[in-house]
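S.K.: Just dropping this structure here.
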Amino acid sequence: MRVRLPAAVAVTAWATSAVLLSGAPAQAAESDCGSNQICLFQDYGYGGRMLNITRIGTCIENLKGWEFNDITSSVINNSPVTVRLYQDIGHGGKYVRLTPGEKIANLSSVTIYNNDGSWFGVNTFNDRTSSTC
Ligand SMILES: [Ca+2]
C-alpha cells in the first residue's frame, strides 16, 4: 500500500501539470501548435484554451479527464498521422477525420462519418468531441 500511494500521487501530479501546460496561455493561438503536434482548441479560429493531445497520446478515451469534453471548436493536425475526433467517449459515435497537416478553424460545418466509416454528411461538430484517436 505504501508503495502504490506515492505512484498514484505522482501520476495525478503529472496529469495536472500536463493540463496546465497544455491549457496555458488562456488565449491560445494557431502558432502554439508546433510541428508533429495535434491540438484541440476551445474556440473557433484556434482560440481559447488549447489541449495538446500529442503530449498525452493521440488516442484519448475520455476528454472529460482533461477538462476538454464537448468544448472543441477548432483543431490542428500537424502530425504525420490521420486523427479522428469522436462524438462519444471510447471512440464511439460519429467522427471527424483530419489528415496529416489538416486544420479546421471552425467545426460548425464539417464532413462527418458514422462510426462504421460510412459517410454521414456535412453538419456541425462544434463542442461535440469526447474522445480522439
Ligand atoms: Ca467551444
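S.K.: Answer yes or no: is there a residue in region 126-133 that is under 14 Å from F41 (Cα atoms) and surrounded by fewer than 16 Cβ atoms within 10 Å (Cβ to Cβ).
M.R.: The answer is yes; a qualifying residue exists.
S.K.: Pick from region 69-95 the residues that are within 16 Å of the ligand (Cβ to nearest atom) and closer than 18 Å to E30 by Cβ: which of them is surrounded by the fewest Cβ atoms within 10 Å (Cβ to Cβ)?
M.R.: I71
S.K.: Of all residues in region 33-55 being more than 12 Å from the ligand (Cβ to nearest atom) and not in a strand (DSSP E or B), which is surrounded by the most Cβ atoms within 10 Å (Cβ to Cβ)?
M.R.: Filtering first and then ranking leaves I53.
S.K.: List the strands (runs of 3 or more DSSP E) that sit entirely inside region 68-133 and contain at least 2 residues that are without any contact (Cβ under 8 Å) to a residue 24 or more places away in the chain. Step through it out loud before you land on a result.
M.R.: Numbers: elements: 74-77, 83-88, 92-98, 110-113, 119-123.
Passing ranges, in order: 92-98, 110-113, 119-123.
S.K.: Further question: Just checking, how many residues over region 56-67 are of a type in the set (D, E, K, R) and part of a loop (DSSP other than H, G, I, E, B)?
M.R.: If we filter region 56-67 for residues that are of a type in the set (D, E, K, R), which is where we start, we get 61, 64, 67.
Subset that is part of a loop (DSSP other than H, G, I, E, B): 61, 67.
Residues in region 56-67 being of a type in the set (D, E, K, R) and part of a loop (DSSP other than H, G, I, E, B): 2 in total.
S.K.: Has region 38-51 got at least one residue that is over 16 Å from D127 (Cα atoms) and free of Cβ contacts under 8 Å to residues at least 60 places away in the same chain? Working first, answer last.
M.R.: Pass one, region 38-51, residues over 16 Å from D127 (Cα atoms): 38.
Checking the rest, the ones that are also free of Cβ contacts under 8 Å to residues at least 60 places away in the same chain come to none.
No: region 38-51 contains no residue that is over 16 Å from D127 (Cα atoms) and free of Cβ contacts under 8 Å to residues at least 60 places away in the same chain.
S.K.: If you don't mind, another one. Regarding T124, is this residue within 16 Å of the ligand (Cβ to nearest atom) and of a type in the set (V, I, T)? Outline the logic, then answer.
M.R.: Values: within 16 Å of the ligand (Cβ to nearest atom): yes; of a type in the set (V, I, T): yes.
Spelling it out, T124 is indeed within 16 Å of the ligand (Cβ to nearest atom) and of a type in the set (V, I, T).
Bear in mind that the values in this text are calculations on the coordinates, not laboratory data. None of these values were measured; they are calculated from a predicted model. Because the Cβ atoms are built from the backbone with ideal geometry, glycine has one as well, and the counts that use them run over all protein chains shown.
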